[in-house]
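Down below is the structure, laid out as structure tokens.
Values in this text are rule-based calculations from the coordinates and carry no lab data. Predicted model only: the values in this text are computed from it and were never measured. No Cβ is skipped: glycine too gets one built from the backbone with ideal geometry, and neighbour counts run over all protein chains shown.
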Amino acid sequence: MNAPGGSKRNYADLARTGHTHVSLYTSPEVYQDELERIFYRSWIYVAHDSEIPNPGDYKTTFIGEIPVLVTRDQNDKINVMINRCMHRGSTVCNSESGNKDKFVCPYHGWEYGPDGELITIGLPRGYNDGEVDQEKLGLVHAAKVDSYRGIIFASLYEAPDITLDEKLGNIKEVIDLYMNLSPTGKIIVGKSGVYKHPYDGNWKIQTEGSVEGYHAIFTHHTALDVMARKMGGHLKGLTNSGLHGYDTGHGNNVLEIYKLSDEEVHQRWPKDYVEMLREAHGETAAMDALRSRFNMVIFPNFAILEYQFRVIRPLSATETEVRLYHTLLDGVPKEVNLRRIRDHEFFYGQASFGGPDDYSIFARMQEGYKAGEVPWVHLNRGVESETVDEKGNRMGDLTQETQQRAPYYEYRRLMAGVE
Amino acid sequence: MERSEAENFLYREARLLNTGKNREWQKLFTSDAIYWVPANDPDADPEEHVSYIYDDMDLLEERLGRLESDYCWAQQPPSSTLHQISNVEVENDTDEEVTLRSNVLIYEYRNNVQRRFYPLQTFPAFCEHRLRKEGDEWKIAFKKVALLNCDGEIHDLTFLI
């Protein structure tokens, strides 16, 4: 499945367990290899069902640097297609989302249906017989598209060597916990807001940073101070033990942020909401969803945090855009979603009390990485004490770096063909 | 309220922001005020949509405390701002309440960034102030700043807007 060409770097040696080479964060050649071997040939998050609920709905996004169009066609099928007219290459859609029955290229009037089929071309009589084969000139579809709980992934140029089910593995049950916060098991992604956040740093800094259990009490001093006073006891987990980071396989990982007792669940959430979840999912599943807060990364470009879907878009070796799509829970009392809005904007977003500190530090890290002869970035905290839990996940303490090491096993597999 | 009086009020607010007198600026607000900077859509309902800032006065107090602390990494070095006010209009004028609409062009700059040529940033915005009379003084009961690029890619808005 390796891409043709690319650099001859020994990625197995550059992406060691516990140490990553600084060139992985700075080199334009490494970045090109990552696009070809990871972003264009493995499972990449593209959208959530709720963003395109009706036939004709579409959104535009990117896989790596490539513009793609995600549509729901008249047969209710999800299509992930390269947003590129087959004639001369213009994108056929340049708005972020909407509903259309056709996508018209502005250059020569070639029209494509929501399923990508080429419906008509401009001034067709100028073509002689055999010069244009309309049936073969539909938009280029991703090689593979699949979804889990409405979360849509695609692999662009080739089918991955593992199914989505294998790719997600043990992290599926963590996704289930998140979806169980809604009595219908459904969430609505992005309708309630999207923060669009560029930063001056390599994309992997955000992949690692989305599950950073070590930094919170140093970086987020101001936010934690307010949260401890205003929001109460559940934050003690940030400094106490009993919380873990997990490597669930294929680069995916989970960081537990807190686990509430039954009593704390009742303090935190209104009674009617707790009851609603109990009725929908049963006592155990409901309380497990309510008590657990975690950040999870689905390698390489996707994370789910308490109030958000986080999508990482690489722009170059040293520039990245992150989008934070707020999530609403379907079927819950208005006050629950309202709290999720206020809590989200307290910590995330460009004017918030948390996120901006992270992004300012990401830029400082990237600055430090200019010292190319200081070769190693350390992610080896807790590597010696790491254990394996009963489900087969690598496991370490919350503030150790098991979860941040997790991507590099998959990185080696995709970049070098070895784990 | 005459437009000249409205302008004087807004100019004074801008001067407090631009000279770092955050605590004097805070005193311009009523105790039940809202300070709002919408995200994505300036007309979205803030109870159904996330904002950049949706502060009641408790949260504004925390925001100012954060800016004063040694741990607000996103404000190291701190922003300097210049709020340029124009297009002032006075609406719904009564003796007790008045709505002011204005345009503001906020310039934001940070001196002494070691590593980069920090670009001078500009944030054009539509402002709405709802003022209420408290005693002899007009106070801000509601301030909304709708950035022209509120749906765009933005690096940082940790300064006062």
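List of remarks:
- Within a Gaussian network of chain A (alpha carbon springs, distance under 10 Å), most fluctuating of A:Gly138, A:Gly355, A:Gly242: A:Gly242
- Per-residue HN-Hα couplings for region A:305-317 [Karplus 6.51, -1.76, 1.60; θ = phi - 60°; Hz; x = Gly/Pro]: 10, 3, 10, 8, 9, 10, 10, 9, 10, x, 10, 6, 4
- Semi-axis lengths, largest first, of the ellipsoid equivalent to region A:169-416 are 29, 21, 18 Å, with √(5λ) applied to each eigenvalue of the Cα gyration tensor.
- Per-residue mean of foreign Cβ neighbours for A:336-345 is 3 (Cβ atoms of other chains, 10 Å radius).
- Normalised alpha carbon radius of gyration of chain B [divisor 2.2 N^0.38 Å]: 1.04
- Three principal axis lengths of region A:1-151 [C-alpha, angstrom, descending]: 59, 40, 24
- When each of the peptides B:87-94, B:136-143, A:78-85 is scored by the mean number of other C-beta atoms lying within 10 Å of its residues, the order from highest to lowest reads A:78-85, B:136-143, B:87-94.
- Across region A:274-419, Cα-Cα pairs more than 21 Å apart make up 61 percent of the total.
- Across region A:169-416, Cα pairs under 8 Å and at least six residues apart give a relative contact order of 33 percent.
- Using alpha-carbon coordinates, inclination of helix A:221-230 to the longest axis of chain A, degrees: 70
- Kirkwood Rh in Å, taken over all unlike Cα pairs in the protein assembly as shown: 25.8
- For the peptides A:198-204, A:170-176, A:31-37, residues were scored by their other Cβ atoms within 10 Å and the scores averaged per peptide; the highest-first order is A:198-204, A:31-37, A:170-176.
- Computed from Cα atoms, the angle from the helix B:57-68 axis to the main principal axis of chain B rounds to 30 degrees.
- Pairwise FRET efficiency - A:Lys172 versus A:Ser7, Cβ, R0 = 51 Å, nearest 0.05: 0.90
- Averaged over peptide B:62-72, the number of partner chain Cβ atoms lying within 10 Å of each residue's Cβ comes to 4.
- Computing Rg and the Kirkwood Rh from the Cα coordinates of region A:22-76 gives a ratio, Rg/Rh, of 1.15.
- Chain A, dipole about Cα centre (Lys/Arg Cβ +1, Asp/Glu Cβ -1), debye to the nearest 20: 640
- Taking the C-alpha atoms only, the angle from helix A:355-368 to the longest principal axis of chain A is near 70 degrees.
- Long-range HN-HN contacts of A:Ser292 with modeled amide H, under 5 Å: A:Leu260
- Unmatched cysteines, chain A - criterion: no other Cβ of a Cys under 4.7 angstrom: A:Cys93
- The charge dipole of region A:1-60, taken about the Cα centre with unit charges on the Cβ atoms of Lys, Arg (+1) and Asp, Glu (-1), comes to about 280 debye, rounded to the nearest 20.
- For chain A, averaging the sequence separation of C-alpha pairs within contact (under 8 Å, six or more residues apart) and dividing by the residue count gives a relative contact order of 22 percent.
- Sites matching trypsin sites (Lys or Arg not before Pro) across region A:362-401 that sit in DSSP coil, with at most 13 neighbouring C-beta atoms within 10 Å: A:Lys370, A:Lys391
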